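The values are calculated or read from the model by the stated rules, or taken from the named source; none is laboratory data. If you're wondering where the values come from, they're calculated on a predicted model, not measured in any experiment. Don't worry about glycine lacking a Cβ; one is built from the backbone with ideal geometry, like all the others, and counts go over all protein chains shown. For the accessible areas, the whole protein counts, side chains as well, though only heavy atoms, and no ligand, DNA or RNA atoms are used. Shrake-Rupley method; radii C 1.70, N 1.55, O 1.52, S 1.80 Å.
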Amino acid sequence: MADNLDNNNTYNVEAAEILANEALHLPITEATLIYEQLLVIYPTAAKFWKQYVEAQMAVNNDDATKQIFSRCLLNCLQVPLWRCYIRFIKKVNEKKGFDGQEETRKAFDFMLNYVGADVASGPVWIEYISFLKSLPARSAQDETQRMAVVRKAYQKAIVTPTHLVEQLWKDYENFENSVSRVLAKGLISEFQQKFNSARAVYRERKKYVDDIDWNMLAVPPTGSCKEEQQWVTWKKLLAFEKGNPQRIDSASSNKRIVFAYEQCLMYLYHYPDIWYDYASWHAKSGSVDSAVKVYQRALKALPDSEMLKYAYAELEESRGAVQPAKKIYESLLGDAVNATALSHIQFIRFLRRSEGVEAARKYFLDARKSPNCTYHVYVAYAMMSFCLDKDPKVAHNIFEAGLKRFMHEPGYILEYADFLSRLNDDRNIRALFERALNSLPPEESVEVWKRFAQFEQTYGDLASMLKVEQRRKEALSRTSDDGGLAQEGSLQEVISRYSFMDLWPCSSKDLDHLARQEWLTMNMNKRPEKSSVPNGVTTTGEEKSTSGVTTVMDQASKVVYPDITQMVIYEPGQKQGSTVLPSGVVGGLPSVSTTMSTFDGILKAAPPALVAFIANLPAVEGPAPDVDFVLSICLQSNPVTAHAVKHMTSAGQVPAGAASGVSEPSGSHKARPAPSGSSVRMTRDGQSGKRKNADRQDDDETASVQSVPLPKDAFRLRQLQKSRGGTASQTGSTSYGSAFSGEQSGSTS
């Protein structure tokens, strides 16, 4: 069963939970093996420790129980585990009389010293106070001392922000009143403000505590949403505690911060940033020794973390402990065979700071023989000699020695060129570039050519500058598919030559334009992928530039528009495959000159669902409808019922204005139904001539929130439905909601 954890995923939480549940039903000898294996992987899992120790207590194995408590208590500051410890102490000392009671009291003090600040420690305080009250008093003096101890315990409990702080306050009031009502008034008044502050802090703290998963097992970060949420919650709680919201003394505040960090590390045990924050807080608080202990624990939890090792070494070196710091650096080096280049560099710098130039030089001579020594080690030591030792000759010799080994590394060439630039040695810089470009393959020489061109722009004359530019284009054209185009001149080369730092000989708009032209130049000879779309519409997919980076074409070129000239109106009686269009319909759309009878015929022939769809369509000006707009109306509008459509199609003739599908340029007003019995002639816009201007003003105020004007044809059809379906007594005005929402609001009178 324990082999379930021996797989590729060591931190298998589900398997660990299953094993822990199985161990509950096993004999203690078999269960011990499982618990030990679980606690090696999850050393801060308080629930596993508690389950383990309870199994030992159940078989009265006191020695094993004490040993388990000594291993877990100080690393798992969780109230349920510590209450289990108190139960064990009570059980062991219940028959020892006064000495046993004294041992139990010391155990309570020990527990409250570590977990008394926990928000869930209220029951512990109550249990402690009850225990103190139960102690026998042999004399009046003992009774007085007992009351003093109980009062002191109450006064500590009521200023601690816990879940039961209000209950503890009430118990304290009753206690003081039972002892002396005269003294109670003064004591209660003295602690009232402190209690109010603790209660307010508890309410704030509870907001963070409620979001913490107290059953979470400590696993290395995987980037899951739950882990990140827990990390954020703990960081907020730590920041809250560091702010000392209760305004208590510094020692008590620091104790609460330590407790918060210790609890946080139970769950974020594998997060190096939490360990670093904890140690840094100790160091800033003046407790360097505590910071050292935190780093030691951190490296035990994360032995492969180089970040924590460097931070620990930095702390030791900053307080003058050179030898401990040196041991940490040596642990980073490990055996010389597997040492990384970075560890060599940092150790050389440390030796230069702590032991001097000669020690650093000696180690460099040894480090360069390592198989893992890269050009970075040469660069680091050469620049150290140049900048710190002020010895350019030694630095130059180191670069030259490294050049024999790292001529194929463009990064090393560029660092060497920078060093020579600081020496203002233009002749050797040119020689370095020529040597490097003769040995480097074209595909790896891009950055070297770029730096060579920049060097000539700074140090050379116009002829040398243009010559290098031409050589660069010829060399790099071999790596490009469009070699001829790469050799042609570009205005960007002029910009590169005549710009300085953040000063440009053109505007940002010109730069964008030239960048776009360069991209088009690189891609103009590539064949776009064509798709079979009606009306000859093609789409261009993603194309790769010469640098291998996939570039997405402009969004507009990817949109596929339907050929609406091929659309026909569906008729239920039409035979399959028939392409005969209804009379008065051109290309499947009503003509502007369609008569009212033809329009009525179209509506009668169409099914109710299609009529409702047509009523919500926007106006189409040209062959490219806004697909998103159409879909938003279709998905969000209120569908017209079949009964309403039948009533509409069986009514009288459609006004001529509704049949004309031509959209006005403004498109910002909607048609309104004429009042019942009105004999006023409708205008071309379907509005009463007397109220045309007034309606326009009203419609401007109730216009849709869309950025594009609302389609008039859709509203005419919808208004037609309203007018056909309305009663003869309906008067007043109707206003519609947003075309996106499809809601309509109306007021009738």
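Listing for the model above:
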quantity	calculated
Nearest-10 value in Å² for the accessible area of Asp366, using the 1.4 Å probe	90
Only Lys, Arg (+1) and Asp, Glu (-1) charged, at Cβ; the stretch 148-244 dipole about Cα centre in debye	360
Top positive-direction residue, dipole computed over the stretch 69-140 with Cβ charges, set Ser121, Asn93, Leu81	Asn93
His282, His163, reordered so the largest accessible area comes first (probe 1.4 Å)	His163, His282
Surface accessible to a 1.4 Å probe, Ser331 within the full protein complex, Å²	60
Accessible heavy-atom area order of Arg205, Arg422, Arg71, highest first, probe of 1.4 Å	Arg422, Arg71, Arg205
For peptides 37-43, 188-194, sequence by mean Cβ density within 10 Å, most packed first	37-43, 188-194
Rounded to the nearest 10 Å², the accessible area of Tyr114 at probe 1.4 Å	80
Summed residue charge, Cβ within 13 Å of Asp118's Cβ, Lys/Arg positive, Asp/Glu negative	+3
Accessible surface, per residue, of the stretch 48-114 when the full set of protein chains is kept, probe 1.4 Å, Å²	50
Cα gyration tensor shape for the stretch 200-346, rounded if a/c is under 1.5, else prolate or oblate	oblate
Across Lys207/Lys235; Lys152/Lys185; Lys284/Lys326; Lys90/Lys255; Lys242/Lys284, pairs whose alpha-carbon gap is larger than 18 Å	Lys284/Lys326; Lys90/Lys255
Sites Asp418 and Val40, calculated FRET efficiency, Cβ-Cβ separation with R0 56 Å, nearest 0.05	0.65
Accessible-area ranking of Ser290, Ser385, largest first, probe 1.4 Å	Ser290, Ser385
3J(HN,Hα) from dihedral phi, the stretch 284-298, Karplus parametrisation 6.51/-1.76/1.60, rounded to Hz, x for glycine, proline	5, 7, x, 9, 5, 4, 5, 5, 4, 5, 5, 5, 5, 5, 5
Protein accessible area in the stretch 392-453, 1.4 Å probe - carbon and sulfur %	48
Gyration tensor (alpha-carbon) shape descriptor, the stretch 64-134, a/c threshold 1.5	oblate
FRET efficiency estimate (nearest 0.05) - Cβ-Cβ, Trp519 to Ile188, R0 60 angstrom	0.15
Per residue value of the accessible surface for the stretch 324-393 (all protein chains in place, 1.4 Å probe), Å²	51
Global geometry of the stretch 290-386, whether rounded, prolate or oblate, following the gyration tensor of its Cα atoms and the 1.5 cut on a/c	oblate
Sequence-distant residues sharing a close amide H with Ser121 (under 5 Å, placed H)	His163
Dipole of the stretch 178-243 [Lys/Arg +1, Asp/Glu -1 at C-beta], most positive-end residue of Gly186, Ala198, Ser224	Gly186
Gain upon complete extension [Glu166, Ile28; 0.36 nm per residue less C-alpha separation]	45.5 nm
